[in-house]
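The values are calculated or read from the model by the stated rules, or taken from the named source; none is laboratory data. Model, not experiment: these values are computed from the prediction. Note that each Cβ is placed from the backbone with ideal geometry, even for glycine, and that neighbours are counted across all protein chains shown.
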Amino acid sequence: MPDAAEQPRWRRDFPIRWDEDNYMTRRELAKFLTLGSGLLVGVNALIAFIGLTRESPAAPVLRIARIVDVAPGGSLLFAYPTADDPCILVRDASGRVDAFSQVCTHLSCAVVHQPGEQSLACPCHKGSFSSVDGRPLAGPPARRLPRIVIEQRGADLVATGIEV
Ligand code: FES
């Protein structure tokens, strides 16, 4: 270190001991790591608590269509529970009505009805689902399509919930 007389005046007035500033004891490091870890555990526990205690909003009751709007063997696209959730309703030849999310459980392409095959096909990777219960029949999808609960109320088809 240069002599005090060789140092600029500002350094003499405000001496800085860099070696002491950057020195951290093992005890300080252990304290920092312990407090940091404790803080992370506390925040994660708080997030988990909020996630477990928060109630999910009730599924809305939504009129989808009139039963006569879907011909036997046909299908109808709709959105449920929000406008951003595409779904497909299928009416088989006997008149039975089933509805599912239209979002493929593989990589989220839209499934389409295969009339006469009782299936919903995903064109992206040749996936296929049963149009009766939504279970995967072929291709990469491993999970069934979420079912939309449909009730017939008079002449109307009404969505009342989702079964995942
Ligand atoms: S996205 Fe449907 S099979 Fe891959």
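Return a yes/no flag: does the stretch 82-97 have any residue that is more than 17 Å from Gly116 (Cβ to Cβ) and β-branched (Val, Ile, Thr). There is at least one residue in the stretch 82-97 that is more than 17 Å from Gly116 (Cβ to Cβ) and β-branched (Val, Ile, Thr). When residues in the stretch 91-122 are screened for being within 17 Å of Tyr80 (Cα to Cα) and either of a type in the set (S, T, N, Q) or away from the ligand (no atom under 16 Å from the Cβ) (or both), 7 of them pass.
Applying the condition of being over 17 Å from Asp98 (Cβ atoms) and assigned to a strand (DSSP E or B) to the stretch 123-146 and asking which residue is nearest to the ligand (Cβ to nearest atom) yields Gly127. Taking (1) within 20 Å of the chain's Cα centre (by Cα); (2) modelled with pLDDT of 95 or more in turn, Ala59 satisfies each apart from (2). Is one or more of the residues making up the stretch 91-107 in contact with a Cys (Cβ under 8 Å, 6 or more places away or on another chain), exposed (fewer than 15 other Cβ atoms within 10 Å of the Cβ) and modelled with pLDDT of 95 or more? Yes - at least one qualifying residue is present in the stretch 91-107.
Annotation note: of Asp69, Asp92, the sole residue that is more than 27 Å from Lys126 (Cα to Cα) and acidic (Asp, Glu) is Asp69. Only one of the listed residues (Pro81, Pro146) is free of Cβ contacts under 8 Å to residues at least 60 places away in the same chain, within 24 Å of Ala59 (Cβ to Cβ) and within 22 Å of the chain's Cα centre (by Cα). That residue is Pro146.
Please work out which residue is surrounded by the fewest Cβ atoms within 10 Å (Cβ to Cβ), limiting yourself to the stretch 125-142 and to residues that are under 21 Å from the mean Cα position of the chain (by Cα) and within 17 Å of Ile88 (Cα to Cα). Here the answer is Arg135. Would it be correct to say that Tyr23 is of a type in the set (Ser, Thr, Tyr), under 33 Å from the mean Cα position of the chain (by Cα) and over 26 Å from Lys126 (Cβ atoms)? The answer is no for Tyr23. Listed by first and then second residue, the pairs linking a residue in the stretch 49-69 that is over 11 Å from Ala155 (Cα atoms) to a residue that is at pLDDT 90 or above and outside any strand (DSSP E or B), with Cβ atoms under 6 Å apart and 6 or more places separating them unless they lie on different chains, are Ala59/Pro81; Pro60/Pro81; Leu62/Tyr80.
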